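Below is one structure, written out as structure tokens; the observations come after it.
Rule-based calculations on the coordinates, nothing more; no lab input. These numbers come from a predicted model, not from an experiment. Using ideal geometry, Cβ is built from the backbone for each residue, glycine included, and neighbour counts are taken over all protein chains shown.
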Amino acid sequence: MPINKNALIRYHALDKCFSNPGRNFDINALLEAVNEVLFEHNQNSIGIQKRQLYDDIRFMQSSQGYAIELEKIRSGQRVFYRYKNSGFSINNNPINELEAEKLKSAMMVLKRFKGMPQFKWVNELLPKMDQAFSLKGNSEGTMSFENNPYLKGLDFLDPLFNAILYQKALEITYKPFDKEPYTVPFFPYHLKQFNSRWFLFGRNPAYDNLTNFPLDRIFKLNELDIPYEGSQINFEEYFDDVIGVTINQSIPEIIEIKVTKRLWHYISTKPIHGSQTKKKSQSTFTIFSLEVIPNLELEKLILSFGEEMEILSPIHFRKKIKTRLKKNIEQYE
């Protein structure tokens, strides 16, 4: 039974009646009290009928509701309702079991973000919820997310997250592959995950352009005592024209691609990019387009589809893919 705003108003009105030691409420008095509260919240309310009132009481008594225990006191032809425990109130147990289970399920999803220190509080809160609401069952193992808990640099997520949040300048020691490590001052702006890998976007004070550092290549962080220079970039839109994290030009291009019929069934249900548009379809192939900035991540994605995908245009990008395929073939000759 879903709980909406009007239902909550009715439940709390009934709660006040059931816990009132100074007055006895029969079904007519309960109905009058509930409708009076509904009218106070909305003067256009027409109230409820007895059938709805009985449904509300049954729900409050159920384990999906508030598991209330009522005492029915008969006096002549009238029956009065009150809590068996005069000190009980649904306000002492603000969410019911069904709501608590839903909240627990949501928190179990958050718990799947392994390696992210800012979610450690979830692990601490779950046992408290179990104790407070007597939750049963175990939702462990019902869902899995793509992640790599063994990835280097995950311990930097928390300090980087806080540095961005509180606008702190940093000194970063970074080691590129096959090169010596170096240290740079850095203004951190944004953290982005791609292909189970985390990247830090920000700016070196000596340059105007953005830089991104994969966290698995960061070796050390120190806070710098220099003024933080912010960014006007809207990172919600910054990656709209790109697949991945590499942006090496400002203007996207129209990429025309030909795929087999079998692959199109997959791509049509899981688009490569939001700009994906179907252009032409035959019995054995489909041609579609993407409007994106060509980059290394796009190249790798295209190559991963093997012989079922062919770049038609632009020519420069087709040649780049062809060159990479030739080098790949040479490895097997």
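Data overview
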{"item": "Label-zone membership for region 254-284, site Lys320, 7 angstrom Cα→C-beta point, backbone N under 20 Å", "result": "254-259, 272-277"}
{"item": "Hull shadow area, averaged, region 247-289 [alpha-carbon convex hull, nm²]", "result": "3.3"}
{"item": "Pairs beyond 27 Å (Cα-Cα), from Lys280/Lys319; Lys261/Lys326; Lys192/Lys322; Lys50/Lys72; Lys192/Lys327", "result": "Lys192/Lys322; Lys192/Lys327"}
{"item": "Positive-end residue of Phe213, Ile251, Phe201, charge dipole of region 199-289 with Cβ unit charges", "result": "Ile251"}
{"item": "Hits among aspartates and glutamates - C-alpha to C-alpha of Lys220 under 12 Å, sequence gap 8 or more where chains match", "result": "Asp155, Glu171"}
{"item": "Cα-based reach from Lys175 at 16 Å (exclusive), listing aspartates and glutamates while leaving out same-chain residues under 8 positions away", "result": "Asp216"}
{"item": "Vicinal HN-Hα couplings computed from phi for region 25-39 (Karplus, 6.51 cos²θ - 1.76 cosθ + 1.60; Hz; Gly/Pro x)", "result": "10, 8, 5, 5, 5, 4, 4, 5, 5, 5, 5, 5, 5, 4, 5"}
{"item": "Peptides ranked, highest mean first, by Cβ atoms within 10 Å: ranges 291-303, 41-53", "result": "291-303, 41-53"}
{"item": "Ala67/Asn24 FRET efficiency (R0 25 Å; Cβ-Cβ; nearest 0.05)", "result": "0.60"}
{"item": "Positive minus negative residues near Val245 (Lys, Arg vs Asp, Glu; Cβ under 10 Å)", "result": "+1"}
{"item": "Most to least packed among 318-325, 217-224, 238-245 [average Cβ atoms within 10 Å]", "result": "238-245, 217-224, 318-325"}
{"item": "Ellipsoid semi-axes in whole angstrom, largest first, where each is sqrt(5λ) of the Cα gyration tensor of region 5-92", "result": "20, 16, 12"}
